[in-house]
Amino acid sequence: MTMLQSGGEAAVTNNVVKDTTTQTFVKDVIEESKRQPVLVDFWAEWCGPCKQLTPVLEKVVRAAKGKVKLVKMDIDKHPTIPGQLGIQSIPAVFAFVNGQPIDGFLGALPESQVTAFIERVTKDRIGGEEKDLLKTADEALAKSDAAGAANLYAEVLAQDSANVAALAGLARSY
């Protein structure tokens, strides 16, 4: 199957931006959003504002350096999911976290507003990697491996210096 769309080549070369289908939506969006926020761009080939928004979305998502992923869905080729979500106007962008849509916007926004939207949906969210590190650190501390736990808590703090759980864990390690 050949998929032709503007920006298709870039989607192949960068794993934070990809196309999805009705068949792969659960894996690409629902499952992935349990690890990190996923933006879904609902678009169509004939939509002028979509052609303005897509490059802006791709640029801002790439600039976020892995804090969020972008998944694009052509509503003409895959109408079922947009229909289930009640989408009646495009471009429509939904942010999914933990398998659920948590926020979104309609229409082509300027780059500054798209950046603010991404900051809003990624702010104050502990990523899956940080959660795993915290859990592993807690387990190490429970097994009396204070030095190992301290190193793991320090790793979390290197990513998020205000992480209260990691700060408390580091204090307990010492």
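The values are calculated or read from the model by the stated rules, or taken from the named source; none is laboratory data. Keep in mind that this is a model prediction, so the values were computed, not measured. Cβ: placed from backbone, ideal geometry, glycine included. Neighbour counts: every protein chain shown. Each accessible area value is taken on the protein alone, full model and side chains, heavy atoms only, with ligands, DNA and RNA left out. Shrake-Rupley method; radii C 1.70, N 1.55, O 1.52, S 1.80 Å.
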- Message: Looking only at residues that are open to solvent by 80 Å² or more (accessible area, probe 1.4 Å) and part of a helix (DSSP H, G or I) in segment 136-165, which one is nearest to K67 (Cα to Cα)?
- Response: Q159
- Message: Return the residues of segment 67-98 that are more than 17 Å from E31 (Cβ to Cβ) and within 11 Å of the chain's Cα centre (by Cα); say none if nothing qualifies.
- Response: K67
- Message: Can you report the number of residues in segment 1-30 which are surrounded by fewer than 13 Cβ atoms within 10 Å (Cβ to Cβ), at pLDDT 85 or above and farther than 19 Å from A95 by Cβ?
- Response: 1
- Message: Quick check on my filter: what residues within segment 57-77 are without any contact (Cβ under 8 Å) to a residue 40 or more places away in the chain and charged (D, E, K, R)?
- Response: K65, D76
- Message: Only one of R125, R120 is within 27 Å of L70 (Cβ to Cβ), open to solvent by 70 Å² or more (accessible area, probe 1.4 Å) and at pLDDT below 75. Can you tell me which?
- Response: R125
- Item | Considering residues of segment 31-73 that are in a helix (DSSP H, G or I), open to solvent by 40 Å² or more (accessible area, probe 1.4 Å) and farther than 18 Å from L109 by Cα only, the residue modelled with the lowest pLDDT | K34
- Item | Residue, nearest to A64 (Cα to Cα), within segment 74-114, restricted to residues that are β-branched (V, I, T) and either open to solvent by less than 50 Å² (accessible area, probe 1.4 Å) or in contact with an Asp or Glu (Cβ under 8 Å, 6 or more places away or on another chain) (or both) | V114
